[in-house]
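J.: Below is a structure I'd like to ask you about.
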Amino acid sequence: MNDSNGVSTTSFGEARIAEVTRNTNETQINCSINLDGTGKGDFDTGVPFLEHMLDQVARHGMIDIRIHAKGDLHIDAHHTVEDVGITLGQAFTKALGDKTGIRRYGHAYVPLDEALSRVVLDCSGRPGLEMDVEFTRASIGQFDVDLFYEFFQGFVNHALVSLHIDNLKGRNAHHQAETIFKAFGRALRMAIEPDLRMAGIMPSTKGCL
């Protein structure tokens, strides 16, 4: 539904949106996010394969994500990819709020032809990344596959989630990566959606996350 200003709202009672700008000597990044969006992606990072993967997160997570970044790509893509993960994590935390009433946990298995990946996450308030992926080659086009770990590490450190990523099978590195990011989007979607039985309740015996 929409409020009087035409902003999409949910059963949480307010729009879960945020915008973050992060400027360093290495990168300048602006990120906006709507956790209750329609899967729209708007990316301009100078790293085409990263944008292709981010588009999977937006579409399959039903999250509107806009990320425009300028980085020191004359060196390599490391700083840009890592800092995009950091900034997306900061925006995610800001938009999610205090987490009352969410499912908290999310998981997804996603296949693509011969490849299959599993992603499980917990909006725990504690950063943690376990990533068990053996890519079949070192790069996909010009993209260094080592940078996927840097992206997800940057994200979990600032989104404050526990994230487990396992590529269970795959021969094509592009397929491996795509199943990971699609599963990541699906798991995010599950974890942040409202749990009607938990309405108004913090999903933790601690009373906070």
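J.: Which number in (1) over 20 Å from GLU130 (Cα atoms); (2) in contact (Cβ under 8 Å) with a residue 12 or more places away in the chain marks the one condition that LYS206 misses?
T.: For LYS206, the failing item is (2).
J.: Sort out which residues of the range 194-209 are touching a Lys or Arg at 6+ places or on another chain (Cβ under 9 Å) and either exposed (fewer than 14 other Cβ atoms within 10 Å of the Cβ) or in a loop (DSSP other than H, G, I, E, B) (or both), and write them in order of number. Working first, answer last.
T.: Step one: filter the range 194-209 for residues touching a Lys or Arg at 6+ places or on another chain (Cβ under 9 Å), giving 194-195, 198, 202-204, 208-209.
Of everything in the range 194-209, those that are touching a Lys or Arg at 6+ places or on another chain (Cβ under 9 Å) and either exposed (fewer than 14 other Cβ atoms within 10 Å of the Cβ) or in a loop (DSSP other than H, G, I, E, B) (or both) turn out to be ASP195, MET202, PRO203, SER204, CYS208, LEU209.
J.: May I pose another question? If you go through the range 1-44 one residue at a time, how many are acidic (Asp, Glu), closer than 26 Å to ARG186 by Cα and at pLDDT 95 or above? Walk me through how you get there before you give the answer.
T.: Going residue by residue through the range 1-44, those that are acidic (Asp, Glu) are 3, 14, 19, 26, 36, 42, 44.
Right, trim to closer than 26 Å to ARG186 by Cα and you get 14, 19, 36, 42, 44.
Those left that are additionally at pLDDT 95 or above: 19, 36, 42, 44.
So the count comes out to 4.
J.: What are the residues in the range 75-116 that are under 18 Å from LEU196 (Cα atoms), surrounded by fewer than 22 Cβ atoms within 10 Å (Cβ to Cβ) and touching a Phe, Trp or Tyr at 6+ places or on another chain (Cβ under 9 Å), if any?
T.: Of everything in the range 75-116, those that are under 18 Å from LEU196 (Cα atoms), surrounded by fewer than 22 Cβ atoms within 10 Å (Cβ to Cβ) and touching a Phe, Trp or Tyr at 6+ places or on another chain (Cβ under 9 Å) turn out to be GLY97, THR100.
The values are calculated or read from the model by the stated rules, or taken from the named source; none is laboratory data. Computed from a predicted structure; not experimentally measured. Counting neighbours? That spans all protein chains shown, and the Cβs are built from the backbone with ideal geometry, glycine included.
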